[in-house]
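The values are calculated or read from the model by the stated rules, or taken from the named source; none is laboratory data. Values in this document were obtained by computation on a predicted structure and should not be read as measured data. Positions of Cβ are generated from backbone atoms using ideal geometry, with glycine treated the same way; all protein chains shown enter the neighbour counts. To get the accessible areas, we keep the full protein, side chains included, count just its heavy atoms, and leave off ligands, DNA and RNA. Shrake-Rupley method; radii C 1.70, N 1.55, O 1.52, S 1.80 Å.
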Amino acid sequence: MSVATGRSAVLEQNRSPRGERVLRALRTPSGAIFVLVAVLFVAVLAANPSFGEPGSLIRFIGRTAPIAIAAIGQYFVIVSGEFDLSMGSVVTAQVIIAGNLIGQDEARALPVLALMLVFGAFVGLVNGLVTTLLRVPSFIVTLGTMLALLGLVLYWTGGAATGNPADSFRQIGRGGIRDVPVLEIIPYPVLILAAVAAGAFWLMRRPYGRTLVAVGDNAQAAALTGAPVWWIRTRAFMLSSLAATVAGIILVGYAGVHPSVGRGYEFTAITAVVLGGVVLGGGRGWVLSAAAGAFALELLFTLLNFVGVQSTWRDSVQGAIIILAVGAAAQNWQRRRRTAASPTHDPNRPIEAPRPTPGTTEGGT
Amino acid sequence: MDIDVSTGRPSAPILRVAGLSKSFFGVPVLQDAALELFPGEVHGLVGENGAGKSTLMKILAGVYERDAGTIEIDGRPVSFTHPVQARRAGLSTVFQEFNLLPERSVAQNIFLGREPRRGLLVNRREMNDATAELLAELGITDIRPTATLASLSVAQQQIVEIAKAVSYDARIISMDEPTAALAGAEVELLYGIIDRLKERGTSILYVSHRLREIFDLCDTVTVLKDGRVVASAPAREFDDASLVRAMVGRPISAYFPDPSPGTAAGIPLLELSGCGNHQLDGVGLTLRAGEIVGVAGLQGSGRTELVEAVFGAAPFTRGSMTLGGRAYNPGSPRDAIRHRVALITEDRKAQGLSLNQSIIDNALSVVRSVHPGRTGAARRDAPNVFSSLEVVARDLDQEVQYLSGGNQQKVVLAKWLAIDPQVVLLDEPTRGIDVGAKVAVYTLMRRLAQEGKAILMVSSELPEVLGMSDRVLVMRDGRLAGELPAGATEEQVLQLATGARGVHS
């Protein structure tokens, strides 16, 4: 009956064998990013073998953690079909809040931490509600939030580095568990990233996560299955701002307090997400691939650094990657679209006699 | 021209296809297909979804390239690698999805990309005159060349699409389910156009799931099954039963299954009285447990709006509804689902499915959205549901976009079965799906009725409405025009639907 779907039969078994599923996954854009990370890693090793030492490797992961966390946050918004451009400004605002409100008073660290989380959630809530209930495109809403927050920060700080939070707070970003065998140190950011990634992975397997992707794929269909689309998207914006908050907390530790911290973070996060094979417009891609996209990006910059390309090229490289990744995804997408009726459309392919595939039953279902 | 004495028709086919094969990923979807199309002939191409009809049409249209085989037009072998080449050779295709620009005029659409010019500018007058002439030739008087596409009805847009195909001086027009979006009277209009085209000597390759159209229109019928031609003969040599048997490869004992034993209309479950909104008015009806009620009416008569209102997607603003004896005022689909009301939407791809998601994700989507706590139980149930519906697929992780229409519809049904609905609203439940899947949908409806669910089914296909319903409600202009008992005739339904013979409205 449905010859076009390939090796098909009345659904009885739940899943294909694990090995087959992994292979199939690696051929999707979101799976291929893990291959890309491996390739880039080998390339960096070739350029600088000392990069592979456990101690330097774990520090690299720690350095990349805030970007990866931001990418995870951005993933939620992008997979639901929206954008969050306010991320970088949220990072900046949180860094400034920490620097100015905590000061050298250790006792204020926890209350201010709580305040930062509330503030992060609030920014996301506003972004989400304006986007979903007032139906303003998120691109515009979050652009507005980005500028508004940035203006606020500049007004507050006068544009200069101000404040310096207590050392215990900065330890979150720069400290770690010491005296670990082999690794010497496990930076806290690595642990935070692991926790965030595990939480995000879990969330994406929950009903909320699956519904979020369904909303990004087809919001109308999702609404007709009873999903509260506005609230699902709004929560994605809140997750994004909270991720930016966490990234900000880490950055206070090793970047210090300055209004330029966090600048451009939204685009770096979007680049990472896109590189992770997550389709702009929503409905496709995995959260861990977004995190892997951040690592691929950082590995690429490390590689360029080792081969002597100046870091001032960073923005240009990032811009090129966004365009290339989205272009590649579009190409891939079109190919898959043709697959829908079915695939391979290569005029140069030699004509081959049709051969029955094992499992294709002749003469009906 | 040579005339074959035995058949009385021209013996030289305008289109001859032989040995046509096409595989995707090594999976053959078309094998050794052959057909001959004669001048002025309407040639029906039928088969279940996935039988290879679309692939064959797309090869003829130059969308796909063939792997093997020959295509001859007027005895000359042709080979298309692009749709434009096919059109130049006199072969136009009307696809199921319209390729029209909604904000442009009829004339602009028809002459898109080849506008008549005067100097550097488009010669609007010539374009409009040529369009008017073209429409007149097809016997169309109610479409102005300057009208915006969006202002036309779906049927009129379909006609514009056909006029566009004709305007390429097409001698062969292939049409993929041209009536899929049309209701009764509009289909008649299409019949008229096809007659005109035949008179002009144009040949038509006609793909449809509606058997009646095949018998009404076609001179010859070719049946595809699993990519092969299994039968090809003059239409008069087939009847409903033999054609269906050829398509599915097995006899279908009863096209519309009989009610399951023990099914009886029980207590009133859903009651509407004086309900209305900006599109509906004064709707009152009672739906009993165990009952299948059909809703008929022309396109735009308010059928879809009715089920959407009951489902809370476009709620009633007047009147009252009760469900199981209690007041029921759903403000959103979510409300309705909480009350165990399900809606199988008309447009499967736009409203029913998340096409990029897997079968299992789609099947669990309702439960996850509304009753997340029950996801685990629904997941454990899923394999049984899929096998009872006979969903054909690779595995649960396959994206639904790769399934045939029939299997996609079964996934939609599966997602609603997961909430154990008490009222099931179906809007065009068998549109664009193959005969086998249709029977599966009908069988499921009977089973649900037996279990005491109340079923309201909207359909443009009168045989379906009459074959499945215990009662038929007919809508016209946003109101219920009347009710007919089981055993009513198509004529009675049409009289009510069109308002003929002064039925009150």
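Structure summary
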{"read-out": "Over 23 Å (Cα to Cα) - which of B:LYS58/B:LYS225; B:LYS53/B:LYS349; B:LYS22/B:LYS198; B:LYS22/B:LYS438; B:LYS164/B:LYS438 fall in this group", "value": "B:LYS22/B:LYS198; B:LYS22/B:LYS438; B:LYS164/B:LYS438"}
{"read-out": "Under-5 Å amide H pairs with A:GLY176, H placed in peptide plane, nonlocal only", "value": "A:TYR188"}
{"read-out": "Peptide B:331-338 - average C-beta neighbours from other chains (10 Å radius)", "value": "3"}
{"read-out": "Top positive-direction residue, dipole computed over the protein assembly as shown with Cβ charges, set B:GLY452, B:VAL411, A:GLY226", "value": "A:GLY226"}
{"read-out": "MRE, 222 nm, helices only [DSSP H, n ≥ 4, -39500 (n - 2.57), over chain B, to nearest 500]", "value": "-9500 deg cm²/dmol"}
{"read-out": "Student exercise, segment B:391-432 dipole from Lys, Arg, Asp, Glu Cβ charges, in Debye to nearest 20", "value": "100 debye"}
{"read-out": "Rounded to 5, the percent of DSSP beta bridges in segment B:269-498 classed as antiparallel", "value": "50 percent"}
{"read-out": "5 angstrom amide H check on B:GLY44, placed H, neighbours 5+ away", "value": "B:TYR206, B:ASP219, B:THR220, B:VAL221, B:THR222"}
{"read-out": "Averaged over B:395-407, number of beta-carbon atoms from partner chains that fall within 10 Å", "value": "5"}
{"read-out": "DSSP bridge pairs, segment B:140-299: antiparallel proportion in percent, nearest 5", "value": "70 percent"}
{"read-out": "14 Å reach of a label modelled at A:ILE185, 7 Å along Cα-to-Cβ, counting backbone N of segment A:231-265", "value": "A:253-255"}
{"read-out": "Under 9 Å, Cβ to Cβ, from B:GLY294 - net charge with Lys/Arg +1 and Asp/Glu -1", "value": "-1"}
{"read-out": "In Hz, Karplus ³J(HN,Hα) per residue of segment A:20-27 (6.51, -1.76, 1.60; θ = phi - 60°; x = Gly, Pro)", "value": "5, 5, 5, 4, 5, 5, 5, 8"}
{"read-out": "Options B:THR430, B:LEU280, A:MET204, ranked by Cα towards positive dipole end of the protein assembly as shown, top entry (Cβ charges)", "value": "A:MET204"}
{"read-out": "Furthest towards positive pole of dipole, B:VAL42, B:THR81, B:THR55, structure part segment B:38-92, Cβ charges", "value": "B:THR81"}
{"read-out": "Derived scalar couplings ³J(HN,Hα) [segment B:357-367; Karplus, 6.51 cos²θ - 1.76 cosθ + 1.60; whole Hz; x for Gly, Pro]", "value": "9, 6, 4, 5, 5, 5, 5, 9, 4, 5, 4"}
{"read-out": "Percent antiparallel among DSSP beta bridges (both partners in the protein assembly as shown, rounded to 5)", "value": "60 percent"}
{"read-out": "Environment charge of A:GLY253, counting only residues whose C-beta is closer than 10 Å and scoring Lys/Arg +1, Asp/Glu -1", "value": "+1"}
{"read-out": "Net charge of neighbours whose Cβ lies under 13 Å from the Cβ of B:ASN277, counting Lys and Arg as +1 and Asp and Glu as -1", "value": "-1"}
{"read-out": "Probe 1.4 Å - accessible area at B:MET468, Å² to nearest ten", "value": "0 Å²"}
{"read-out": "Viscosity 0.890 mPa s, 25 °C: Kirkwood-radius Stokes-Einstein D of segment B:98-164 over Cα pairs, µm²/s", "value": "208 µm²/s"}
{"read-out": "Karplus-derived 3J(HN,Hα), 6.51/-1.76/1.60, for each residue of segment B:493-498, Hz, glycine and proline x", "value": "4, 5, 4, 5, 5, 9"}
{"read-out": "Per residue, the convex hull volume that the Cα atoms of the protein assembly as shown enclose (Å³)", "value": "209 Å³"}
{"read-out": "Mean Cα-pair separation over length for chain A, i.e. relative contact order, pairs under 8 Å, 6 or more apart, %", "value": "32 percent"}
{"read-out": "Interface burial for A against B (accessible surface, 1.4 Å probe, total of both chains, Å², rounded to 100)", "value": "5200 Å²"}
{"read-out": "Complex-versus-alone comparison for segment A:262-307, residues with a loss of 40 Å² or more in accessible area, probe 1.4 Å", "value": "A:ARG284"}
{"read-out": "Angle in degrees between helix B:435-450 and the longest Cα principal axis of chain B, rounded to the nearest 10", "value": "10 degrees"}
{"read-out": "For B:ARG476, distant residues with modelled amide H under 5 Å away", "value": "B:ALA481"}
{"read-out": "Charge dipole magnitude, Cβ of K and R +1, D and E -1 - the protein assembly as shown, Cα centre, debye nearest 20", "value": "1980 debye"}
{"read-out": "Accessible area per residue in Å² at 1.4 Å probe, computed on the protein assembly as shown", "value": "42 Å²"}
{"read-out": "Protection proxy ranking, peptides A:187-193, A:20-26, A:99-105, average beta carbon neighbours within 10 Å, highest first", "value": "A:187-193, A:99-105, A:20-26"}
{"read-out": "Theoretical ellipticity at 222 nm over chain A - DSSP helices of four or more residues, -39500 (n - 2.57) apiece, nearest 500", "value": "-22000 deg cm²/dmol"}
{"read-out": "Helix A:87-97 axis, angle to chain A major axis (alpha carbon atoms, nearest 10°)", "value": "20 degrees"}
{"read-out": "Between 0 and 90°, nearest 10: helix A:265-275 axis offset from chain A longest Cα axis", "value": "20 degrees"}
{"read-out": "Point-charge dipole on Cβ atoms (K/R +1, D/E -1) for segment B:219-329, about Cα centre, debye to 20", "value": "220 debye"}
{"read-out": "Mean-position separation - Cα centroids, segment A:96-169 and segment B:355-390, in angstrom", "value": "40 Å"}
{"read-out": "10 Å Cβ neighbours from other chains, averaged over peptide B:343-354", "value": "4"}
{"read-out": "Surface share of carbon and sulfur [accessible, 1.4 angstrom probe, percent] for segment A:27-331", "value": "69 percent"}
{"read-out": "Sequence ranges B:29-39, B:361-371, ranked by mean other-Cβ count within 10 angstrom, highest first", "value": "B:361-371, B:29-39"}
{"read-out": "Highest-MSF residue in chain A out of A:ARG18, A:ARG178, A:ARG27 [GNM, Cα springs under 10 Å]", "value": "A:ARG18"}
